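Data first, discussion second: the structure below is written as structure tokens.
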Amino acid sequence: MSDAKKIVLAEDNSIFLLLLKFRLEKEGYKILTAVDGKEAIDLIEEHSPELILTDIMMPFISGLEVISHVRNKLNMKTPIIVFSSAGQEEIVLKAFDLGATDFMSKPLSPNELVIRVKRLLR
Amino acid sequence: MNTNYFLIDYFNESPSIIQVAWSISVVFFIIIIPLILYLKFLRGHLRKKERVTAELENDYESSLINYLYSGNEEEEISAEQQVIINQLKECIKDPFRRKILIGVLLKLKNEISGEIAESIHKLYFHTGLVNFALSRLKHEKWFVIAKGIRELKQFHVKEAHDEVIVHINHPRREVRKEMQLYMVNLFYFEGLDFLDVLETPLSEWDQIQLLEVLQRMENQNISNIKSWLNSSNDSVIIFALKLAKIYNQFEAKDELINLLHHINKKIRLESIHVLSYLNALEAKEILKNNIEERSPEEQIAFFKMMEDLYEQTDESFVVKYIHHEIFEIKVSTLKILKVLNRERFNLLKFESSEPKFLRIVNFIENN
């Protein structure tokens, strides 16, 4: 388990967070969960994960700010997948401008997420 | 004892205004004390409810996750899942717990697709939650019915179609709106069949909501709108006109042209806009023949239409209206004339001495 790749998962919907955590842990990843952007940044700074999964709309610090912090302040090249909802297309474009690697539109399939995660962490 | 006598004497000997002030103070004090106690109780009660809700939410979230990940491919429902279903069945007997469980299911259902979304759908049926929602449809209070329909829509319970459509002409707008959204969200364009029997008005807001749902659908193959264009319900016709424009329903051109003679001015006006958008030249000829008899709004809409559909043969017709009293008509006809016959347009500057008219001509010439 100590060799397991670390993923920071930031999502303010508690049950969705729990579901994705279980699904990704089943695949052998170590999941560090955050319920808002502030917690996510703390976890990223502390653990330097191999991948970041973040929702865009979160309390205190948004997903966009998390991306900006990772790319501009921490200068990390860690792949970032953002979760967006319908109608947030412009925000997704902003996320890509800030350095997001990929995005998934909600409602999303956990199986598809696992495929994308595996591809990025190959 | 002496203090009490002193206070009574003080009160009796005080001027009237002081007595009134003391009396009011006492009354307020008597009112405020129970209010403070009540607020304290209410705050305590709400906090307790909040805490219980959070605990139950956590429990149900864990149960749901366990349910979702304890399935296997051999059985539709595994033994472990059946245990969770039985537990939840017990919980939902209490309306408060049922409400929380529904909230938890929706919280996840809205974020997820694929197999897990299907599992949540199955759980909704296996726990019997669907029966509670269906029973709400027969309730005497309108808001209970509306909430029941909304829940069935959120959980995509297509099987409730017949029970939901019964409320098509419900006296309360809110119930009708939920019924309409249920139909469109679950059955897409086929769900619009309720328009065939809708007798009550479809408000502008209802129409916007329906269109918003339809435009989100992947399948954009619209059903036949001709019958709605012939509806006896004017709001259905207005909605069908919007559909005709958005989904380029040129095949309904004959029905749209018939609407140019509809008794309702708003419908006539909208049909001109739609026919103009669809570039229906036949409509232009029909309108040309009786434009004088039409309302100013229709005349303006017609000349706007002419701006896109003019032909060389329209020149003499257009020229008749370049001095029309309505500003918009004047502008439209001058724009058309500028394209059809530039020389004639240029001559207008010399033929007229009216400053307002010349200003319009100059503006159109330069734009």
Fill in: Residues of region B:110-150 classified as of a type in the set (D, E, K, R), within 20 Å of A:Asn13 (Cα to Cα) and either more than 14 Å from chain A (Cβ to nearest Cβ) or touching a Lys or Arg at 6+ places or on another chain (Cβ under 7 Å) (or both), total
1
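Of all residues in region B:103-159 being on the phi > 0 side of the Ramachandran plot and touching a residue at least 12 places away in the same chain (Cβ under 8 Å), which is surrounded by the fewest Cβ atoms within 10 Å (Cβ to Cβ)?
B:Gly128
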Worksheet item: Quick one: which helices (runs of 4 or more DSSP H) sit completely within region B:163-233 and have at least 3 residues that are without any contact (Cβ under 8 Å) to a residue 60 or more places away in the chain and of a type in the set (S, T, N, Q)?
Response: B:204-216
Discussion item. Given the criteria more than 14 Å from chain A (Cβ to nearest Cβ) and either buried (at least 17 other Cβ atoms within 10 Å of the Cβ) or assigned to a helix (DSSP H, G or I) (or both), does B:Leu88 qualify?
Written reply: yes
Worksheet item: of a type in the set (Val, Ile, Thr), within 14 Å of chain A (Cβ to nearest Cβ) and surrounded by 14 or more Cβ atoms within 10 Å (Cβ to Cβ) - does that describe any residue in region B:51-58?
Response: yes
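Listed here are the residues, each with its yes/no results for (1) within 25 Å of B:Val104 (Cβ to Cβ); (2) within 13 Å of chain B (Cβ to nearest Cβ); (3) touching a Pro at 6+ places or on another chain (Cβ under 7 Å).
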| site | (1), (2), (3) |
| --- | --- |
| A:Lys5 | no, no, no |
| A:Lys21 | yes, yes, no |
| A:Asp36 | yes, no, yes |
| A:His47 | no, no, no |
| A:Leu51 | no, no, yes |
Discussion item. Quick check on region B:284-292. Is at least one of its residues assigned to a helix (DSSP H, G or I), within 24 Å of B:Glu190 (Cα to Cα) and outside the structural domain of B:Lys320 (by TED's automatic domain parsing)?
Written reply: no
Practice prompt. Give me the pairs, please: first residue somewhere in region B:308-335 and over 15 Å from B:Lys288 (Cα atoms), second residue anywhere and among the acidic types (Asp, Glu) and at pLDDT 90 or above, beta-carbon distance under 9 Å, and either six or more positions apart or on two chains.
Written response: B:Lys335/B:Glu307
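What helices (runs of 4 or more DSSP H) lie completely within region A:54-122 and have 1 or more residues being within 14 Å of chain B (Cβ to nearest Cβ)?
Here the list reads A:89-98, A:110-120.
The values are calculated or read from the model by the stated rules, or taken from the named source; none is laboratory data. All of these numbers come straight from a predicted model, not from anything done at the bench. Using ideal geometry, Cβ is built from the backbone for each residue, glycine included, and neighbour counts are taken over all protein chains shown.
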